[in-house]
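Heads up, the thing below is written out as structure tokens.
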Amino acid sequence: MEIGIDTFVETTPDVTTGKTISHAERLRQVVEEIVLADQVGLDVFGVGEHHRKEFADSATAVILAAAAPMTKRIRLTSSVTVLSAVDPVRLFQQFATLDGISNGRAEIIAGRGSMVDAFPLFGYDLKDYDELYEEKLDLLLKLRDSEKITWKGKHRPALTNLGVYPRPVQNRLPVWLGSGGNAESVIRAGVLGLPLVLAIIGGSPLQFAPLVPLYKNAATRAGHDASKLPIDIHSLGFVAESTSLAVDKYFPPTQATFNSFAKERGWGQFSRSQFDAACSLDGAYYVGDPETVANKMIYMRKHLGFSRFFLHLPVGTMPHEDVMKAIELLGTEVAPRVREEFARSGS
């Protein structure tokens, strides 16, 4: 059972002070967070990708590479790479470089992303949304499998027996597929024999349970050993010394962030009752003291069968010291509880 953190490097106004941290300062903070996550024994750290003012994570591989020499064992991954709007050759080169700097700890989580800000920025048309993703995923997988490649597609110049360098330390650079719960994407991951990341950020996580056999069955039918394909869960949460303190610290920036995007997209406002429901045992958020968060991970793993868990934090801007404390508690108190439970049960 692997446990880690992922972040979108958010730079929204602080709900208490009204101040907005600079991109530069937030980037330096994230590097400190990655280093701490490694020191407290977490297994993986992921950085997302966005291309708008509220986030400083547009160059994911650069952020991870900045932390790589200061860490020893933690795996470093995108979370997620917006594959439809990136050149797979450059993406592979960047993460192969990260793999070299980290001595074999780089990964890519490829997905479509929940925002479309990258499309106009890089000159892509949203009408090609699905076609771009499928074509670029095909090229990315071929790049990791062969040093020299011949390939032809519709949205990128062809490659004719060209080498792509550097090559990664890992024999096959790990590529996971990210999904928000779309059955088609889950089946695609199974057919391709790729590890799956399920982003569960609302509603009941138990509604995702039918996707697990769907994924495993697709993999088996395609000739893959489904027992060797890991499943990762990405969910929102926060850890503090007490559950009341965790809720008090986490709810205001989470509500402010959700309401900001709700206004932009025409959604309803995010209420305290919705937040409390999401923090319940069957809800999507992992917010509380170490015992509460650990027990919820154990409960959900028994129902969903995941082998890796990402706690996404923060949502919105939170004091850096609070984020660091949450990472410390996740590594030193939550993770040991969860690992001990599953070591004892043999699952």
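Restricting to the range 158-211, give me the number of residues that are closer than 14 Å to His234 by Cβ and over 19 Å from the mean Cα position of the chain (by Cα).
Of the residues in that region, 0 qualify.
Conditions (1) of a type in the set (Phe, Trp, Tyr); (2) closer than 26 Å to Leu141 by Cβ; (3) touching a strand residue (DSSP E or B) at 6+ places or on another chain (Cβ under 7 Å), marked per residue:
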residue: Gly4; (1), (2), (3): no, yes, yes
residue: Ala24; (1), (2), (3): no, no, no
residue: Val35; (1), (2), (3): no, no, no
residue: Asp38; (1), (2), (3): no, no, no
residue: Gly46; (1), (2), (3): no, yes, yes
residue: Arg52; (1), (2), (3): no, no, no
residue: Arg73; (1), (2), (3): no, no, no
residue: Val86; (1), (2), (3): no, yes, no
residue: Gln94; (1), (2), (3): no, yes, no
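How many residues are under 27 Å from Tyr215 (Cα atoms), touching a residue at least 24 places away in the same chain (Cβ under 8 Å) and of a type in the set (Ser, Thr, Tyr) if we restrict to the range 303-346?
1
Would you confirm whether or not the range 197-208 contains a residue that is part of a strand (DSSP E or B), open to solvent by less than 50 Å² (accessible area, probe 1.4 Å) and touching a Lys or Arg at 6+ places or on another chain (Cβ under 7 Å)? So that I can check it myself, show each step before the final result.
Our first condition is that a residue be part of a strand (DSSP E or B); within the range 197-208, this holds for 197-199.
Those left that are additionally open to solvent by less than 50 Å² (accessible area, probe 1.4 Å): 197-199.
Subset that is touching a Lys or Arg at 6+ places or on another chain (Cβ under 7 Å): none.
Among the residues of the range 197-208, not one is part of a strand (DSSP E or B), open to solvent by less than 50 Å² (accessible area, probe 1.4 Å) and touching a Lys or Arg at 6+ places or on another chain (Cβ under 7 Å), which makes the answer no.
Every residue in the range 84-136 that is without any contact (Cβ under 8 Å) to a residue 12 or more places away in the chain and under 18 Å from Ile63 (Cβ atoms), please.
The one that is without any contact (Cβ under 8 Å) to a residue 12 or more places away in the chain and under 18 Å from Ile63 (Cβ atoms): Arg90.
Go through the residues of the range 264-275 one by one and say whether even a single one is small (Gly, Ala, Ser) and in contact (Cβ under 8 Å) with a residue 60 or more places away in the chain.
There is no residue in the range 264-275 that is small (Gly, Ala, Ser) and in contact (Cβ under 8 Å) with a residue 60 or more places away in the chain.
Using the structure shown, decide if Tyr285 is under 18 Å from Phe8 (Cα atoms) and either modelled with pLDDT of 95 or more or open to solvent by 60 Å² or more (accessible area, probe 1.4 Å) (or both).
For Tyr285, the condition - under 18 Å from Phe8 (Cα atoms) and either modelled with pLDDT of 95 or more or open to solvent by 60 Å² or more (accessible area, probe 1.4 Å) (or both) - is met.
Please note which strands (runs of 3 or more DSSP E) are completely contained in the range 44-154 and include at least 1 residues that are of a type outside the set (A, V, I, L, M) and open to solvent by less than 10 Å² (accessible area, probe 1.4 Å).
44-47, 75-78, 106-111
When residues of the range 225-244 are filtered for being open to solvent by 60 Å² or more (accessible area, probe 1.4 Å) and either part of a helix (DSSP H, G or I) or among the hydrophobic types (A, V, I, L, M, F, W, C) (or both), how many remain?
Residues in the range 225-244 being open to solvent by 60 Å² or more (accessible area, probe 1.4 Å) and either part of a helix (DSSP H, G or I) or among the hydrophobic types (A, V, I, L, M, F, W, C) (or both): 3 in total.
Residues Ala277, Ala222, Ala256, Ala262: which one is open to solvent by less than 40 Å² (accessible area, probe 1.4 Å) and either out of contact with any Gly (no Cβ under 9 Å at 6 or more places or on another chain) or not acidic (Asp, Glu) (or both)?
On the way: Ala277 fails: open to solvent by less than 40 Å² (accessible area, probe 1.4 Å); Ala222 fails: open to solvent by less than 40 Å² (accessible area, probe 1.4 Å); Ala256 fails: open to solvent by less than 40 Å² (accessible area, probe 1.4 Å).
None of the other options fit; the residue is Ala262.
From the set of residues in the range 251-268 that are over 20 Å from the mean Cα position of the chain (by Cα) and hydrophobic (A, V, I, L, M, F, W, C), which is farthest from Gly18 (Cα to Cα)?
Among those that are over 20 Å from the mean Cα position of the chain (by Cα) and hydrophobic (A, V, I, L, M, F, W, C), it is Trp267.
The values are calculated or read from the model by the stated rules, or taken from the named source; none is laboratory data. Note that this is a predicted model, so its numbers are computed, not measured. Positions of Cβ are generated from backbone atoms using ideal geometry, with glycine treated the same way; all protein chains shown enter the neighbour counts. For accessibility, only protein heavy atoms count, side chains too; no ligands or nucleic acids. Shrake-Rupley method; radii C 1.70, N 1.55, O 1.52, S 1.80 Å.
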